[in-house]
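Asks: I have a structure I would like to understand better, so I am pasting it below and will then ask my questions one at a time.
The values are calculated or read from the model by the stated rules, or taken from the named source; none is laboratory data. Small disclaimer: the values here were computed from a predicted structure and weren't measured. Cβ placement follows ideal geometry from the backbone for every residue including glycine, while neighbour counts extend to all protein chains displayed. Each accessible area value is taken on the protein alone, full model and side chains, heavy atoms only, with ligands, DNA and RNA left out. Shrake-Rupley method; radii C 1.70, N 1.55, O 1.52, S 1.80 Å.
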Amino acid sequence: MRLFIAEKPSLAAAIAAQLPGTATKTRTHIEVGNDIVTWCVGHILEQFMPEDYDASLKQWRAESLPIAPAQWKLKIKDGMQGQVKAIGDLLKKADAVVNAGDPDREGQLLVDEVLLYLGNRKPVQRVLVSDYNEAPVKKALASIKSNNDPQFRGWYESALARSRFDWLFGLNLTRAYTLAARRIGYEGVLSVGRVQTPTLGLVVGRDLAIENFKPIPFYTLTATVQHANGTFAANWRAKPGQTGLDDEGRLIDAATAQALATRLTGKSARIEKYEKKPANENAPLPFSLSSLQMAANDRYGLTAQQVLDICQALYETHKLTTYPRTDCNYLSEAQHADAATIIGVVTANLPELATVAKKADTSRKSPAFNDSKVTAHHAIVPTSRRMDAASLNDNERKVYDMVVRTYLAQFFPPSQFLKTDIEVAIDGEKFTAKGKTPVSAGWREIYAQPEPEGEDADSEDDDKQALPAMNQGDAAQCKQCVANNRKTTPPQRFTEKLLLAAMVDIHKYVDDPAAKARLKEGQGIGTEATRAGIIEELKKRGFIGQLKAGSKQIVSTPAGRGLIAALPAHAKNPALTGICEQALDMVAAGRLSGDDFIARNMQLITKLVTDASSATLNVPVAPTFPCPDCKTGQLKKRNGKNGAFWSCSNWNAEPKCSAAYDDFRGKPNFNPKPKGGFAKKAPAKKAQPK
Ligand SMILES: [Zn+2]
């Protein structure tokens, strides 16, 4: 018997469907002919925590840092005991095993670590399935390889090295910086992580840039040009050698601007260029998780985590959309054959789309159908499942609708328009104007809306204006030229959409050329599956929050800023991930051992931990008052059932002090006696905090 161990149940089902024989499904596996297919549920094992290695490490102490396990150990994740046992029992009966993890480094590790944990000695093979459709799965099953192939050993080694590095880096630095903050009275946890900390650094950096921003005034010039066929506005372009400009080519000299405006008003003009070109815009590609998270944040204000949860429900519970944790925007060519069926079903599911969906041309193959661009997974698309109309909640319906429309768009022609480019000469100065005339909506019809506004960053180029028909060489006149007062604007605040985009495009924030190139290739920091969780973690830790209630804009908190300010560049620079990935590529290629990779990084971690012991932290610390009862403790504000009160820090010391005072305007009320005729009750002693 061959035992397939798939990364997840859906992959197990896809493999079982293509194996010869009748399938019988149980809670833990599927039997098909001579084969059995079982599954993991992502990682079903997790790393030991420090206290699992040594109970005394449960206490956070600077002396015990850095913590580095001599012998790494894994434990079974909560709730996964049953599945691990089932895999172990099946292994005993198997003659051979097939690792069916996702075809990437993480997928390799995920199944290999289970085999190691269970002490497997049976021969292991490897199957690579990236597309769950019939033909690609059959093809994959026909080309099963040995799991000892150097490529797969490299994948395993590099994924293992990365997980150990993340553990060492996150655990040690979190403890080191939290302990440093506690020395000055901070009570929270200053969590540090390879991905979360540079992400927080992005938000802090942006906030500081906005706060320190000083707007620079500059001037633009707009001419109202009169042609025999109509009037239009054109914008001044500085000529080479123009004086009064700043480094960025902006006109900053007010006198020059005013002089130009006065001189050009009333002068004759000539149309130097009049060009009309047809242009096409293809439909947007189907969604990857991050592109869907960005679009849904933009459109409906949903958070990255909400979108991930919704997608997971649409996939698992409702079975209406495909696997959500994908970084791919493409579909396999085999999926093209499903178009007619899927479109039929989605129009029944969303009747409001019936009219427009009739125009979908399933013989059209958009650039999205491209085998060479499909990675471990394909893009998120609707399935051919009929929807139970009542079963979806409002947000699920919104996200499903977005996925459906983007899928439909693949079967529509490009949106066509005419681009008009005009150049006007006025008394030796150059002005330009642009126009865009829609010819046919194409795929835009599905969205029943014109093109989104604000796509053109240069608001001076108003390409929405209607331009009169003209010819090159035509005479015209500058009726009026005005100088406009402008100011440079600060960078935009992050929203979840923009933060996700920045995590993907993190290379833009890195100077080191090699790290930059590797980050670009690896699509940034974090993965599709983890980015939402990282943002949630930063919120939960109180490092970032909403600018104001109900706002999509994100700002850093004083604690978040204090942490970033205290951390050395190495610990918060996204280049660290880039450099790490380069080294992990060497591990994957067998040119560096995983142990050497860890040993090198241990030096860095040890230095960072040592630096933390003398780091100056500027984190918000709650005020305290000396305890008048025991004279050694500090009174700290607590929140009890009946509101805030102050109690002594020696409440569980030896000897213990049970001093407690009511809160009065943010301070302990040491003076409970009624004053000035107001009858006030003396404060009752409150229960001590647990
Ligand atoms: Zn006291």
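Asks: Restricting to segment 640-671, name every residue that is part of a loop (DSSP other than H, G, I, E, B), polar (S, T, N, Q) and within 14 Å of the ligand (Cβ to nearest atom).
Replies: Correct list: Ser649, Asn650, Asn652, Ser658.
Asks: Shifting gears a bit: So which residues in segment 153-187 are under 27 Å from the mean Cα position of the chain (by Cα) and without any contact (Cβ under 8 Å) to a residue 40 or more places away in the chain?
Replies: Answer for segment 153-187, where residues must be under 27 Å from the mean Cα position of the chain (by Cα) and without any contact (Cβ under 8 Å) to a residue 40 or more places away in the chain: Asp166, Gly170, Thr174.
Asks: Between Thr321, Thr347, Thr303, Thr326, which is hydroxyl-bearing (Ser, Thr, Tyr), touching a Phe, Trp or Tyr at 6+ places or on another chain (Cβ under 6 Å) and buried (at least 16 other Cβ atoms within 10 Å of the Cβ)?
Replies: Thr321
Asks: What's the total number of residues in segment 386-401 that are surrounded by fewer than 19 Cβ atoms within 10 Å (Cβ to Cβ) and within 20 Å of Asp298 (Cβ to Cβ)?
Replies: The total comes to 5.
Asks: Let me ask you something else. Whether any residue in segment 523-542 is of a type in the set (D, E, K, R) and open to solvent by less than 40 Å² (accessible area, probe 1.4 Å) is what I want to check.
Replies: yes
Asks: Follow-up question, since we're still on this one. Would a scan of segment 27-41 turn up a residue that is in a loop (DSSP other than H, G, I, E, B), of a type in the set (S, T, N, Q), in the same structural domain as Lys138 (by TED's automatic domain parsing) and within 23 Å of Leu314 (Cα to Cα)?
Replies: yes
Asks: So Ala517 clears everything in (1) assigned to a helix (DSSP H, G or I); (2) open to solvent by less than 20 Å² (accessible area, probe 1.4 Å); (3) among the hydrophobic types (A, V, I, L, M, F, W, C) except one condition, right? Which one?
Replies: Every listed condition holds for Ala517 apart from (2).
Asks: Also, I was wondering about something else. List the number of the failed condition for Ala622; all other conditions in (1) more than 9 Å from the ligand (Cβ to nearest atom); (2) open to solvent by less than 30 Å² (accessible area, probe 1.4 Å) hold.
Replies: (2)
Asks: Do you know which of the residues in segment 206-241 that are assigned to a loop (DSSP other than H, G, I, E, B) and touching a residue at least 12 places away in the same chain (Cβ under 8 Å) is farthest from Phe431 (Cα to Cα)?
Replies: Residue satisfying both the conditions and the ranking: Phe213.
Asks: Could you pull out the residue among Pro66, Pro50, Pro103 that is open to solvent by less than 60 Å² (accessible area, probe 1.4 Å) and within 28 Å of the chain's Cα centre (by Cα)?
Replies: Pro103
Asks: Hey, another quick one. Of all residues in segment 519-534, which are of a type in the set (A, V, I, L, M, F, W, C) and within 20 Å of Ala571 (Cα to Cα)?
Replies: Result: Leu519, Ile525, Ile534.
Asks: Another question, then. Could you check, for segment 6-17, whether at least one of its residues is open to solvent by less than 20 Å² (accessible area, probe 1.4 Å) and free of Cβ contacts under 8 Å to residues at least 24 places away in the same chain?
Replies: The answer is yes, given that some residue of segment 6-17 is open to solvent by less than 20 Å² (accessible area, probe 1.4 Å) and free of Cβ contacts under 8 Å to residues at least 24 places away in the same chain.
Asks: Tell me, which residue of segment 625-639 that is in a loop (DSSP other than H, G, I, E, B) and open to solvent by less than 60 Å² (accessible area, probe 1.4 Å) is farthest from the ligand (Cβ to nearest atom)?
Replies: Among those residues, the one meeting the criterion is Pro628.
Asks: Could we say that Arg194 is under 25 Å from His377 (Cβ atoms) and not in a helix (DSSP H, G or I) here?
Replies: Considered against the rule, which asks whether it is under 25 Å from His377 (Cβ atoms) and not in a helix (DSSP H, G or I), Arg194 comes out as yes.
Asks: May I pose another question? Pairs needed: first member in segment 516-539, over 20 Å from Gly42 (Cβ atoms); second member anywhere, part of a helix (DSSP H, G or I) and open to solvent by 60 Å² or more (accessible area, probe 1.4 Å); C-beta distance under 8 Å; at least 6 residues apart or different chains.
Replies: Cβ pairs passing all conditions: Arg518/Ile579; Arg518/Gln582.
Asks: Using the structure shown, decide if Thr606 is touching a residue at least 60 places away in the same chain (Cβ under 8 Å), within 16 Å of the ligand (Cβ to nearest atom) and not aliphatic (A, V, I, L, M).
Replies: no
Asks: Is it true that Leu168 is among the hydrophobic types (A, V, I, L, M, F, W, C) and at pLDDT 95 or above?
Replies: Considered against the rule, which asks whether it is among the hydrophobic types (A, V, I, L, M, F, W, C) and at pLDDT 95 or above, Leu168 comes out as yes.
Asks: Right, next: How do the pairs read when you match residues in segment 641-656 that are within 11 Å of Cys627 (Cβ to Cβ) with residues anywhere that are open to solvent by less than 100 Å² (accessible area, probe 1.4 Å) and hydrophobic (A, V, I, L, M, F, W, C), using Cβ under 6 Å and keeping only pairs 6 or more apart or on different chains?
Replies: Between residues of segment 641-656 that are within 11 Å of Cys627 (Cβ to Cβ) and residues that are open to solvent by less than 100 Å² (accessible area, probe 1.4 Å) and hydrophobic (A, V, I, L, M, F, W, C), the close pairs are Trp646/Leu635; Ser647/Ala660; Cys648/Cys627; Cys648/Leu635; Cys648/Cys657; Cys648/Ala659; Asn650/Cys630; Asn650/Cys657.
Asks: Restricting attention to segment 517-557, report how many residues are modelled with pLDDT under 85 and among the basic types (Lys, Arg).
Replies: 2
Asks: Return the total of residues in segment 560-607 being part of a helix (DSSP H, G or I) and open to solvent by 30 Å² or more (accessible area, probe 1.4 Å).
Replies: Residues meeting the conditions: 18.
Asks: Do you know which residues across segment 188-227 are of a type in the set (D, E, K, R) and more than 29 Å from the chain's Cα centre (by Cα)?
Replies: Of everything in segment 188-227, just one residue is of a type in the set (D, E, K, R) and more than 29 Å from the chain's Cα centre (by Cα), namely Lys214.
Asks: Among the residues of segment 555-570, what is the count of those that are touching a strand residue (DSSP E or B) at 6+ places or on another chain (Cβ under 9 Å) and either more than 23 Å from Tyr186 (Cα to Cα) or among the acidic types (Asp, Glu) (or both)?
Replies: 0
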